[in-house]
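Student: Mind having a look at this structure? Questions to follow.
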Amino acid sequence: MRFSFFSLFYESPFKKLKNHADKVKECAWMFKRAVECYVELDCEEFDKLTEDVAKLESQADWLKRNLRNHLPRGLLMPVDKFVLLDCLREQDHVVDNVEEALYWLSFKPEGGIAEELVGDFLHLVDAVIPAIEKLPDMAEQAIAYFKSSTEENRDKLKSIISDIHQAEKEADHLEHELKKQAFAVLKDPVDIFHVVRLVEIIANIADDAQNASDRMRTMIAR
């Protein structure tokens with residue numbers, strides 16, 4: 001006799017994963033606006049947006065702990081609970097790195113970003129945004145798939161995972177281009193280090209989203 005996964009829980013852990021993903025997604029527009037604000041140099045919103053992202057990170061962290069602490073032991077699940085928790089952890093790293101990127105920007109408020117780098121820098125930010133915004137879609141589609149186990153829902157989930165991978169691939173390309181430009185354009189070693197480390201942190205956002213999607217792919221593998 002097969003047990004229904006959802007009959008074993010008052011609330012599906014994938015629902016809690018979705019709640020966490022929703023919170024992570026909230027940081028996307030704040031991150032984009034904060035970066036634009038930083039580049040503009042005379043924008044007064046940057047500090048407020050950075051504080052708001054820090055609050056979101058705390059809220060997401062609470063949701064992460066809530067899922068971990070209330071995941072029942074010894075109950076039948078259609079997936080390895082450790083893979084589910086790995087997915088949650090990688091998803092949580094997304095907002096951690098958004099927060100870290102804004103803090104890193106704030107360490108050098110007077111310099112901004114060199115004009116020659118601004119275009120590709122903003123493109124890098126634009127590239128990681130879809131990876132963030134797809135996370136709730138992935139969790140929601142996982143709920144649908146584990147309720148029905150239909151091939152249609154599995155294909156939809158795989159399509160979302162593919163979209164996240166594509167966003168990561170674009171971000172990775174822009175990361176390498178920006179690093180090369182930093183060494184070619186900038187003269188001050190501090191400026192070079194600041195930009196190189198910054199683009200690494202931002203690219204890590206897409207890496208984290210991809211890692212979360214890889215864990216989801218493992219959970220639906222046959």
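Derivation of every value follows stated rules applied to the coordinates shown; laboratory data play no part. These numbers come from a predicted model, not from an experiment. So basically every Cβ, Gly included, is an ideal-geometry build from the backbone, and we count neighbours across all protein chains shown.
Student: Only one residue in Asp22, Asp80, Asp86, Asp42 is exposed (fewer than 14 other Cβ atoms within 10 Å of the Cβ) and farther than 30 Å from Val118 by Cβ, so which one is that?
Tutor: Every option except Asp80 fails the conditions.
Student: What pairs come up if the first residue lies in the range 163-183 and is in contact (Cβ under 8 Å) with a residue 12 or more places away in the chain, the second is hydroxyl-bearing (Ser, Thr, Tyr) and in a helix (DSSP H, G or I), and their beta carbons are under 6 Å apart, counting only those six or more places apart or on different chains?
Tutor: As it stands, the answer is Ile164/Ser213, since those pairs meet every condition given.
Student: Just to be sure I understand, how many residues within the range 137-167 are surrounded by fewer than 18 Cβ atoms within 10 Å (Cβ to Cβ) and either polar (S, T, N, Q) or at positive phi (or both)?
Tutor: 6
Student: Pick out the one residue from Ala203, Ala212 that is closer than 30 Å to Gly112 by Cβ, in contact (Cβ under 8 Å) with a residue 24 or more places away in the chain, surrounded by 16 or more Cβ atoms within 10 Å (Cβ to Cβ) and among the aliphatic types (A, V, I, L, M).
Tutor: Ala203
Student: Considering only the range 26-55, state which residues are of a type outside the set (A, V, I, L, M) and either touching a Gly at 6+ places or on another chain (Cβ under 6 Å) or under 18 Å from Ala206 (Cβ atoms) (or both).
Tutor: Glu26, Cys27, Trp29, Phe31, Lys32
Student: Is there any pair linking a residue in the range 100-129 that is in contact (Cβ under 8 Å) with a residue 12 or more places away in the chain and within 16 Å of Trp29 (Cα to Cα) to one that is part of a helix (DSSP H, G or I) and of a type in the set (D, E, K, R), with Cβ under 7 Å and at least six apart or on different chains, and which?
Tutor: Correct list of pairs: Leu124/Glu175; Val125/Lys32; Ala127/Glu170; Ile129/Lys32.
Student: Then there is this: If the requirement is being of a type outside the set (Gly, Ala, Ser) and without any contact (Cβ under 8 Å) to a residue 12 or more places away in the chain, which of these qualifies: Asn69, Asn97?
Tutor: Every option except Asn69 fails the conditions.
Student: Counting only residues that are among the β-branched types (Val, Ile, Thr) and buried (at least 19 other Cβ atoms within 10 Å of the Cβ), how many does the range 168-200 have?
Tutor: Of the residues in the range 168-200, 2 are among the β-branched types (Val, Ile, Thr) and buried (at least 19 other Cβ atoms within 10 Å of the Cβ).
Student: Same structure, new question: Is it true that Lys134 is buried (at least 16 other Cβ atoms within 10 Å of the Cβ) and of a type outside the set (S, T, N, Q)?
Tutor: In short, yes.
Student: Separate question: So, in the range 45-58, how many residues would count as being assigned to a helix (DSSP H, G or I) and surrounded by 15 or more Cβ atoms within 10 Å (Cβ to Cβ)?
Tutor: So the answer is 8.
Student: So, in the range 90-128, how many residues would count as being crowded, with 16+ Cβ neighbours inside 10 Å, within 30 Å of Ile143 (Cα to Cα) and of a type outside the set (Val, Ile, Thr)?
Tutor: Counting residues in the range 90-128 that are crowded, with 16+ Cβ neighbours inside 10 Å, within 30 Å of Ile143 (Cα to Cα) and of a type outside the set (Val, Ile, Thr) gives 8.
Student: Continuing with this model, one more query. Which condition breaks for Ile113 when tested against (1) in a loop (DSSP other than H, G, I, E, B); (2) over 27 Å from Glu51 (Cα atoms)?
Tutor: Exception for Ile113: condition (2).
Student: Right, something else. May I ask you to list the residues in the range 26-39 that are within 16 Å of the chain's Cα centre (by Cα), among the aromatic types (Phe, Trp, Tyr) and either buried (at least 20 other Cβ atoms within 10 Å of the Cβ) or not in a helix (DSSP H, G or I) (or both)?
Tutor: Selection gives Phe31 alone.
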